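The values are calculated or read from the model by the stated rules, or taken from the named source; none is laboratory data. This structure is a prediction, so every number in the text was calculated from the model and none was measured. Here Cβ is always computed from backbone atoms with ideal geometry, including for glycine, and neighbour counts include all displayed protein chains.
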Amino acid sequence: MKITQSLFFAILFANVYADVLIKLPYQCSCSQLITKYDCYNGQGCIWNEYNGTCQPQPCVSLNSYDCAHDKNCMWSYTKNQCDTFQFCNQLQANGSSSCFDLSINCPYQSTSGVCGGIDKLEPCSAQTNSSDCYSKISQTRCFFDNKASKCIPVECSQMPNMYNCTYFDYCHWNQNNGTCAQLNCNNTQHASSCQYVYIYSTNQFQTCVWNVTSETCNPADNANQLIQNNCTINTVGSYRWNPNTNTCQSCYAKIITIILLQLILIFV
């Protein structure tokens with residue numbers, strides 16, 4: 001019974017808490033988006049005016065940039081068009097574009113130009129010079145330590161100056177004490193840019209909300225602080241606006257609830 005009660009409270013609070021930090025790739029699919037506004041902000045989605053639903057945009061209709069950034073698609077140089085994504089090793093980079101320019105699913109690039117998935121990425125230490133350290137995609141973001149003459153994973157606190165610190169968009173340079181640290185919501189000065197920050201150490205996104213009274217950007221305590229205009233954008237596409245309840249909801253909250261309910265049935 002004690003286990004069942006714990007699971008019950010986990011379900012009760014699942015939609016309110018544990019939803020502030022977003023971990024990709026748990027993003028809403030086009031079919032999960034209810035409003036036209038969210039659909040237009042969805043990746044590779046198009047609104048069907050006839051039946052009022054959001055649908056995936058056919059890969060063949062996408063340009064090279066949108067194609068490469070849609071996880072369901074890949075750009076084919078041989079056909080000069082966008083195709084449905086299949087396997088990374090079907091792609092090969094040329095002199096002007098990298099594997100990442102063909103599909104975000106395929107960040108790895110061999111010396112011969114054959115593409116590969118994230119599982120083939122090398123650690124920073126595999127890069128032996130400054131140029132490769134910054135230009136090649138590795139398992140993590142990398143920084144070349146000139147003193148040690150080696151490529152190392154980025155730690156904001158180790159960045160020696162403002163130039164090195166601000167090179168990485170998740171680091172923030174403190175002008176007052178001359179130090180570099182992880183960027184957070186409070187470092188954002190304008191309402192238009194108060195959306196989310198990337199937390200490098202946990203590979204998550206922190207949702208931010210703008211306080212009109214204090215004119216400050218703050219971490220979102222829960223999804224109830226989000227409105228229709230920022231529900232999808234501020235959660236990196238992981239939440240949708242439900243016009244029936246006027247609430248911002250996780251597209252995967254129902255899946256979590258179903259799993260927890262199944263666990264309850266097991267332990268009851």
Filter result (modelled with pLDDT of 95 or more and acidic (Asp, Glu)) within segment 165-218: Glu215
Qualifying residue in segment 180-187 (condition: closer than 27 Å to Asn234 by Cα, buried (at least 17 other Cβ atoms within 10 Å of the Cβ) and among the polar types (S, T, N, Q)): yes
Exclusive hit being within 25 Å of the chain's Cα centre (by Cα) and farther than 27 Å from Asn105 by Cβ, set Ser138, Ser157: Ser157
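For every residue, the table says whether it meets (1) crowded, with 16+ Cβ neighbours inside 10 Å; (2) in contact with an Asp or Glu (Cβ under 9 Å, 6 or more places away or on another chain); (3) assigned to a loop (DSSP other than H, G, I, E, B).
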position	(1), (2), (3)
Ser157	no, no, no
Asn164	yes, no, no
Asn176	no, no, yes
Ser192	no, no, no
Cys208	yes, no, no
Lone unmet requirement of (1) touching a Cys at 6+ places or on another chain (Cβ under 9 Å); (2) among the aromatic types (Phe, Trp, Tyr); (3) loosely packed, with under 13 Cβ neighbours inside 10 Å for Phe85: (3)
Identity of the residue in segment 32-61, more than 19 Å from the chain's Cα centre (by Cα) and polar (S, T, N, Q), that ends up surrounded by the fewest Cβ atoms within 10 Å (Cβ to Cβ): Asn51
Hey, Ala68 among the small types (Gly, Ala, Ser), within 17 Å of Pro58 (Cα to Cα) and either free of Cβ contacts under 8 Å to residues at least 40 places away in the same chain or surrounded by fewer than 16 Cβ atoms within 10 Å (Cβ to Cβ) (or both) or not: yes
Some residue of segment 17-39 being part of a helix (DSSP H, G or I) and either in contact with a His (Cβ under 9 Å, 6 or more places away or on another chain) or modelled with pLDDT under 90 (or both): no
Residue tally, condition part of a loop (DSSP other than H, G, I, E, B) and either out of contact with any helix residue (DSSP H, G or I) (no Cβ under 9 Å at 6 or more places or on another chain) or surrounded by fewer than 18 Cβ atoms within 10 Å (Cβ to Cβ) (or both), over segment 103-140: 13
